[in-house]
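Heads up: the structure comes next, in structure tokens.
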Amino acid sequence: MYSMTTLSPRRAAILTFIRDRIADHGQPPSLAEIAEAFGFASRSVARKHIVALTEAGFIEVAPNQARGIRLVHQGKRPELLEIPVLGRVAAGAPIGPDVDIHEQLMLDSRMFSRTPDYLLHVFGDSMIEDGILDGDLVGISRQPEARDGQIVVARLNGEVTIKRFERSRDCVRLLPRNPTYAPIVVTPDQELEIEGVFCGLVRRG
């Protein structure tokens with residue numbers, strides 16, 4: 001499926017610092033300036049972070065130049081998105097939401113059909129026929145309504161689940177994509193809210 005490049009919060013901050021310095025000053029920072037800005041004991045610590053960012057494909061470094069850092073342009077690498085991981089969602093029976101921000105991930109925009117507002121950890125196996133597995137991170141675009149057939153994150157009576165949305169003349173159903181699970185039929189006395197629509201996933205290798 002998709003691959004993912006994750007950055008630690010420190011390396012994400014260094015990448016942002018490089019971008020801002022280029023935008024504000026027209027040139028990248030030196031290793032000494034990065035070390036000073038982040039309180040590193042030496043330039044060698046800054047160099048380790050720069051090597052990691054280079055290996056991850058976010059920057060290039062021209063040899064033998066004091067200011068040789070170059071951003072990898074969007075023509076070679078699409079826009080990077082910084083997306084919060086908010087908690088987990090059930091692919092099975094609904095579970096209570098966990099809305100704490102667990103981490104921020106820097107992700108390639110090509111991984112999603114539209115820009116997600118947040119990511120959720122998938123817990124359970126009811127969506128395996130749609131390629132959504134236990135442990136995946138699903139990208140969710142916030143919107144209060146869904147079209148028939150879309151994969152949604154739905155809040156049913158205060159609990160959150162990910163399912164396919166089906167609307168008929170008589171009722172709304174939340175459909176699993178695993179034959180061992182039964183559809184969830186939403187009755188008139190139940191409170192259903194669409195939290196958002198699935199727009200891609202990340203699988204940690």
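Things worth noting here:
- For region 19-51, taking the residues that are in contact with a Lys or Arg (Cβ under 6 Å, 6 or more places away or on another chain) and surrounded by 15 or more Cβ atoms within 10 Å (Cβ to Cβ), the one that is modelled with the lowest pLDDT is identified as Pro28.
- Matching residues in region 118-132 - criterion: being touching a strand residue (DSSP E or B) at 6+ places or on another chain (Cβ under 9 Å), at pLDDT 90 or above and assigned to a loop (DSSP other than H, G, I, E, B): Gly124, Ser126, Met127
- Within region 134-143, one or more residues are surrounded by fewer than 18 Cβ atoms within 10 Å (Cβ to Cβ), closer than 25 Å to Leu80 by Cβ and in contact (Cβ under 8 Å) with a residue 60 or more places away in the chain.
- Qualifying residue in region 1-16 (condition: at pLDDT 85 or above and of a type in the set (Phe, Trp, Tyr)): no
- Odd one out for Leu174 among (1) surrounded by 17 or more Cβ atoms within 10 Å (Cβ to Cβ); (2) hydrophobic (A, V, I, L, M, F, W, C); (3) at pLDDT below 95: (3)
- Against the numbered list (1) surrounded by 15 or more Cβ atoms within 10 Å (Cβ to Cβ); (2) at pLDDT below 75, Asp108 comes up short only at (2).
- Every pair of residues 6+ apart whose Cβ atoms lie under 9 Å, when the first sits in region 50-73 and is over 16 Å from Ser8 (Cβ atoms) and without any contact (Cβ under 8 Å) to a residue 40 or more places away in the chain while the second is surrounded by 15 or more Cβ atoms within 10 Å (Cβ to Cβ) and among the charged types (D, E, K, R): Glu60/Arg70; Val61/Arg70; Ala62/Arg70
- Cβ-Cβ distances below 6 Å connect the following pairs, each with a first residue in region 192-205 that is closer than 16 Å to Asp148 by Cβ, a second residue that is of a type in the set (A, V, I, L, M, F, W, C) and not in a strand (DSSP E or B), and a separation of six or more residues or different chains: Ile194/Ala146; Val197/Ala146.
- Residue in region 151-166 that is in the same structural domain as Ala90 (by TED's automatic domain parsing), crowded, with 17+ Cβ neighbours inside 10 Å and more than 24 Å from the chain's Cα centre (by Cα) present: yes
The values are calculated or read from the model by the stated rules, or taken from the named source; none is laboratory data. On a predicted model such as this, the values are computed, not experimentally measured, just so you know. So basically every Cβ, Gly included, is an ideal-geometry build from the backbone, and we count neighbours across all protein chains shown.
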